[in-house]
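What follows is a set of notes on a single structure, which appears directly below.
The values are calculated or read from the model by the stated rules, or taken from the named source; none is laboratory data. Remember, predicted model here, so these are calculated numbers, not experimental data. Note: ideal-geometry Cβ built from the backbone for every residue, glycine included; neighbour counts use all protein chains shown. Areas reflect the complete protein model, heavy atoms only, side chains present, ligands, DNA and RNA absent. Shrake-Rupley method; radii C 1.70, N 1.55, O 1.52, S 1.80 Å.
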Amino acid sequence: MLVVLLAVTACTGPERSGEPEPPGASRGQSTADTGPPIDTPWPPPSPQRPVVDLAFDMAADLRSATGREKVRFVPDRRVCELVFRLWPNGPTSAEAGTSLTVSGVRVGGSAMTLSQEPGGAPTGSPGTIVVAALPSCVAAGTAVTAELTFKLQLATRTDERVGYASAAEVAWLGTAFPLLAWQNGVGWNRDPAVPVTGESATSETFDLASLRVTAPSRYEVTGAGRPTGTTPGPSADTTVHGFAAEAVRDVTVTVGRLDLTRFDASGTSVTLALPRSGSRSDADRWRTQISQSLARLVARFGPVPYPDLWVSVLPEVTDGVEYPGAVQIGDVDPARERWLLTHELAHLWFYGLVGNNQGKNPWLDESLATYAQEVVDPTSLSAEDPDEWLGIRGAVGESMTQWGQRRRSSDAYVATVYRQGGRTLLQARQAAGPEAFDAAIRSYLRANAHQIAAPEDLAAALAPLPQARQVLQEAGALP
């Protein structure tokens, strides 16, 4: 997520005016410094990844939805309970009026006893943690299948990842379902949500076997992965929209009066959704900038990790939110605010392809996405930025819990994790040499594709570049 506090005036820098591809890494070319050719396909996801079937049934007025979810996963350690996170109940979303409640969890056809934990939710709101106690513990390597039912209430006039714009008749549902809180090698994630503008989710890559969205037939629907077709809904004037995705770690859906434009860009099929009520820029302007931003990112980091990309331009939203294979973004001028679009698209690699615990290590996706943004679409941020723009010295690697305890927490978080974190990565790149540093980042992406990375994983990728590691260690990012 990138907030308006980061807005800066774009300028043309040497990276923009130079070659779109990194030196020594042109298509089909491989060197000892850069590893495999830049267009080499990404490693496949684990065959043991969770499998999810998800369904949303939208209310006629789009202000609420009911849902069903089926999750099959194989824990790598013994478990005696199931834990799901309800991120729409976090402080900033709940205070706007959004809520997500689980009405039931069944395992093996039997209803489980549920308990709710606040997990940082405001008093009086549903908690962000739901626990289902298993009738007996399950050994590592044993598959567990759970079926859940839930209800979602959407807030209006909100700048959050879940919301509804009544005048435009557009609803958006980001991470608006019970998210399995398991992390391989770690176990259940119970990090509390905090009142800071940013994400705290952790999710393993899963196989989205099916996503079914039932909505009034007069509305369009965007989803995740490839469209699998439409069928008549269960009641008159409703339609079921189907989707599926081989490897994602989160899902967002947009429903409403939308104009959809489909086009190909950098090897991925893009669907752009613009509100039919009107937007600041037309589809051609968006298509041009999406295509340019993707081309620059692909030339630097490798193929777009997803064969399908969904970009929803949302009314009443001022920033952007990232998802694997999808972007929610405010109604901006995409050429003038190209840094914002490029940042959110960079998250396809840094968060989508290589995940992180956004609660413990938020800098691993936000600072890296800012670095990617600055390398391919420079703004006024640079390795020589004056200190007063940069936030808290030595605190780039702090957790969301730590940021929540600081004065003016959101401002401090954005200034430090985005601006100082991005600037620190640019300094590390300068210290190690741009070509060697970019090659190390590409190695990090390949080594951790479809996994949840930790700072130690980035440190390992930068092991041959001690100058870069030192810069990041002094900023508090690496151990």
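Structure above, values below:
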{"quantity": "Segment S217-A447, extension gain: residue separation times 0.36 nm, minus the distance between their alpha carbons", "calculated": "78.4 nm"}
{"quantity": "Debye, to nearest 20: dipole size of the chain, +1 on Lys, Arg Cβ, -1 on Asp, Glu Cβ", "calculated": "780 debye"}
{"quantity": "Kirkwood estimate for the stretch 157-216, i.e. one over the average of 1/r between Cα atoms, Å", "calculated": "14.5 Å"}
{"quantity": "Gain upon complete extension [A167, T228; 0.36 nm per residue less C-alpha separation]", "calculated": "19.0 nm"}
{"quantity": "Accessible surface, the stretch 199-337, averaged per residue in Å² (probe 1.4 Å)", "calculated": "33 Å²"}
{"quantity": "Accessible area per residue, Å², the stretch 25-133 with all protein chains present, probe 1.4 Å", "calculated": "45 Å²"}
{"quantity": "Sorted peptide list for 242-255, 92-105, 338-351, criterion being average Cβ within 10 angstrom, highest first", "calculated": "338-351, 242-255, 92-105"}
{"quantity": "Among A59, P315, I38 the positive-end extreme of the charge dipole of the chain (Cβ point charges)", "calculated": "A59"}
{"quantity": "Cut-off 14 Å between beta-carbons: net charge of the residues surrounding H450, Lys and Arg +1, Asp and Glu -1", "calculated": "-2"}
{"quantity": "Principal-axis tilt of helix 421-432 within the chain, Cα atoms, nearest 10 degrees", "calculated": "40 degrees"}
{"quantity": "Inter-site label distance for R276 and E95 at 7 Å from Cα along Cβ, in nm", "calculated": "3.6 nm"}
{"quantity": "Derived scalar couplings ³J(HN,Hα) [the stretch 177-192; Karplus, 6.51 cos²θ - 1.76 cosθ + 1.60; whole Hz; x for Gly, Pro]", "calculated": "8, x, 9, 4, 9, 8, 10, 4, x, 10, x, 7, 9, 10, 4, x"}
{"quantity": "Segments 430-438, 294-302 sorted - mean Cβ within 10 Å per residue, highest first", "calculated": "294-302, 430-438"}
{"quantity": "Overall form of the stretch 222-354 per C-alpha gyration tensor (a/c, 1.5; a/b vs b/c)", "calculated": "oblate"}
{"quantity": "C-alpha long axis of helix 434-447 to longest principal axis of the chain, angle in °", "calculated": "30 degrees"}
{"quantity": "Extension gain (nm, one decimal) between S269 and E474, 0.36 nm per residue minus Cα-Cα", "calculated": "69.7 nm"}
{"quantity": "Mean Cβ neighbour count within 10 Å, used as a protection proxy, ranking 168-177, 202-211 highest first", "calculated": "168-177, 202-211"}
{"quantity": "Distance between modelled label sites at Q430 and A463, nm, 7 Å Cα→Cβ extension", "calculated": "2.9 nm"}
{"quantity": "Whole-percent carbon and sulfur share, accessible surface of the chain, 1.4 Å", "calculated": "49 percent"}
{"quantity": "About the Cα centre, charge dipole magnitude for the stretch 113-189 (Lys/Arg +1, Asp/Glu -1 at Cβ), debye", "calculated": "40 debye"}
{"quantity": "Residues A209 and S136, FRET efficiency given R0 of 35 Å [Cβ-Cβ distance, rounded to 0.05]", "calculated": "0.85"}
{"quantity": "Nearest-20 debye value, the stretch 319-429 charge dipole, Cβ charges on Lys, Arg, Asp, Glu", "calculated": "400 debye"}
{"quantity": "Area accessible to solvent at T40, 1.4 Å probe radius, in Å²", "calculated": "40 Å²"}
{"quantity": "Förster radius 56 Å - calculated FRET efficiency between T288 and E117, Cβ distance, rounded to 0.05", "calculated": "0.75"}
{"quantity": "Rounded FRET efficiency, nearest 0.05, which uses the C-beta distance separating I392 from V186 and R0 of 25 Å", "calculated": "0.40"}
{"quantity": "Whole-Å distance, taken between Cα centres, linking the stretch 410-430 and the stretch 267-298", "calculated": "27 Å"}
{"quantity": "For the stretch 363-376, Karplus couplings with θ = phi - 60° (6.51, -1.76, 1.60), whole Hz, Gly/Pro x", "calculated": "5, 5, 10, 6, 5, 5, 5, 5, 4, 4, 4, 6, 5, 9"}
{"quantity": "Space enclosed by the convex hull of the alpha-carbon atoms of the stretch 30-135, per residue, Å³", "calculated": "212 Å³"}
